[in-house]
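Notes for the one structure printed next.
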Amino acid sequence: MKKMCVIAVVAASLFSLSSYAADGQAVYNKSCMFCHASGVGGAPRAHDEAAWKSLMDKGMPALLKSVKEGKGNMPANAMCSSCSEDDFKASIDFMAKKKS
Ligand code: HEC
């Protein structure tokens with residue numbers, strides 16, 4: 001019985017470790033897709049290379065600032081209060097990339 005518990009704890013910590021690493025696609029699916037898939041309210045569409053190229057030219061710090069403070073129809077923190085800066089960065093990288 002005790003052994004089972006140990007295994008469960010190890011499995012749980014492994015799981016939380018893997019979900020801790022910022023996964024751009026996961027963050028996108030959870031928090032950004034709602035607007036960025038269709039371009040709601042003028043949002044640059046995910047994987048629209050031309051649109052994201054000019055955004056990436058502004059530099060990641062400027063884009064992170066827009067996400068954290070909000071911009072136009074995008075609310076501050078992009079409706080993801082639990083997202084870290086790494087989560088935002090990873091999801092921006094994901095949207096800026098061509099769909100694989
Ligand atoms: C409620 C809808 C909505 C959600 C959710 C949303 N966005 Fe946006 N986003 C927008 C809109 C609208 C714009 C265009 C803002 C403008 O230029 O006026 C935008 C623009 C941006 C920009 C460009 C900012 C700039 O400086 O031009 C980035 C980067 C961005 N979003 C990232 C994200 C990320 C990352 C997420 C998920 C964590 C996310 N957005 C979730 C609506 C949304």
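Key figures
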quantity	calculated
Filter result (in a loop (DSSP other than H, G, I, E, B) and among the hydrophobic types (A, V, I, L, M, F, W, C)) within the range 40-85	ALA43, ALA46, CYS80, CYS83
Selected residue (only one of LYS58, LYS68 is modelled with pLDDT of 95 or more and within 8 Å of the ligand (Cβ to nearest atom))	LYS58
Residue list for the range 71-100, restricted to those being basic (Lys, Arg) and either more than 8 Å from the ligand (Cβ to nearest atom) or under 18 Å from LYS30 (Cα atoms) (or both)	LYS89, LYS97, LYS98, LYS99
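The values are calculated or read from the model by the stated rules, or taken from the named source; none is laboratory data. This one's a predicted model, so the numbers in the text were calculated from it and none came from an experiment. Virtual Cβ from ideal backbone geometry, glycine too; neighbours counted across all protein chains shown.
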